[in-house]
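A short write-up of the structure that comes next.
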Amino acid sequence: MEMITFKNFTVKYGDKTVFDGFNLDVSLSENTAVLGESGSGKTTLLNAIAGLVPFSGEVSGVPQRISAAFQENRLVPCLTVKENLALATGEEGIDYDLESFALSDKAQSYPSRLSGGEKRRVALLRAYRFNAPLYILDEPFNSLDLKLKIRLEELFKKRVKDNSAALLFVTHDIKEAVSLADRIIVVSGDCGVCKIVADVKSVNEKTEEYLFGLLSGKIKA
């Protein structure tokens, strides 16, 4: 089974240690959520996979091609929505995908003319269109209304399945984690250093209740 492996993974920002000898295996044959509060270190894991943060230790097994949507939308300001997408993924099927993401009427708009939610959908669509064995998403549906959120969750689930790919995403939303993931890793940075407090390897109808209890302190890991 193909895995991304974090071994003795350590990250420091100045004098602050975020990860200290952290170990984790993430399968590339399932969808994995990293669930935790803001500031718990979730984003750093994705940034390490993408090669965007210095670290000591080892991160191995990362596919050569990954598709990513980070918290920052990172759109090119001087290009229209359609041009931003075409720059990354070409033009094939672009009009159909714009319609699927409710962006058809924004195709010729520049990022400065978009709302926060619209910018987010463009960034997600760019990741969606880039075929890769691994999709990494950072708080992917954070600024979207419920109807669009459900719609895009279903689109990503289908895309990942159709491509025989894996999804690794970080979120603080329990319902989102349960909806998308086969495995949910719960992390905490309460002591300043990110640690795993629970590893739910089989998501089922009782998982949501368990996670609410765990994160509210009513259940001990």
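A few notes on this one:
- Based on the Kirkwood approach, the hydrodynamic radius assigned to region 75-131 is 10.8 Å, with every pair of different Cα atoms included.
- Degrees separating the helix 207-216 axis from the principal Cα axis of the chain, which is the longest one: 70 degrees
- Sparse-neighbourhood loop sites, chymotrypsin sites (Phe, Trp or Tyr not before Pro) in region 56-109 - DSSP loop, at most 14 other Cβ within 10 angstrom: none
- You can think of it this way: the chain between D190 and Q71 has 40.7 nm of extra reach, that is 0.36 nm per residue less the Cα-Cα gap.
- Gap separating the Cα centres of region 123-201 and region 60-89, nearest whole Å: 17 Å
- Cα-only radius of gyration and Dmax that characterise the chain, units Å: 17.6, 51
- Computed from backbone phi, the HN-Hα couplings of region 41-57 come to x, 4, 4, 4, 4, 5, 4, 5, 4, 7, x, 9, 9, x, 8, 10, x Hz, rounded to whole numbers (Karplus: 6.51 cos²θ - 1.76 cosθ + 1.60, θ = phi - 60°; Gly and Pro given as x).
- Helix-only mean residue ellipticity at 222 nm for the chain, each DSSP H run of n ≥ 4 adding -39500 (n - 2.57), per residue, nearest 500: -9500 deg cm²/dmol
- Distance in nm between pseudo-label sites at S143 and E37 (7 Å out along the Cβ direction from Cα): 2.4 nm
- Taking the C-alpha atoms only, the angle from helix 116-129 to the longest principal axis of the chain is near 90 degrees.
- Comparing T80, T171, T43 in a Gaussian network model of the chain, where Cα atoms under 10 Å apart are tied by springs, the biggest mean-square fluctuation is seen for T80.
- Rounded FRET efficiency, nearest 0.05, which uses the C-beta distance separating V197 from S60 and R0 of 30 Å: 0.80
- Both radii come from the Cα set of region 1-123: Rg as radius of gyration, Rh as Kirkwood radius; their ratio Rg/Rh reads 1.05.
- Directionally averaged projected area (region 1-41, Cα convex hull): 3.5 nm².
- Within region 1-155, percent of DSSP bridges classed antiparallel, to nearest 5: 75 percent
- Sequence-separation-based contact order of the chain, relative, with Cα cut under 8 Å and 6+ spacing, percent: 28 percent
- In region 1-64, the GluC sites (Glu not before Pro) that fall in loop regions by DSSP, at most 16 other Cβ within 10 Å: E2, E30, E37
- In region 13-96, trypsin sites (Lys or Arg not before Pro) in a DSSP loop with at most 11 other beta-carbon atoms within 10 Å: R65
- Exceeding the 23 Å Cα-Cα cut-off - candidates K158/K201; K149/K220; K7/K195; K12/K201; K161/K220; K157/K206: K149/K220; K12/K201; K161/K220
- Since only F70, L45, L85 are under comparison, the one whose Cα sits farthest along the positive direction of the charge dipole of region 1-106, derived from C-beta charges on Lys, Arg, Asp and Glu, is L45.
- Using θ = phi - 60° and Karplus 6.51 cos²θ - 1.76 cosθ + 1.60, couplings along region 190-206 (whole Hz; Gly, Pro as x): 4, 9, x, 10, 5, 9, 7, 9, 7, 9, 8, 8, 9, 7, 9, 5, 9
Read-outs: derived from the displayed coordinates by stated rules, not from any lab. Just so you know, these numbers come straight off a predicted model, no measurement behind them. Glycine gets a Cβ as well: all are built from the backbone with ideal geometry, and neighbour counts include every protein chain shown.
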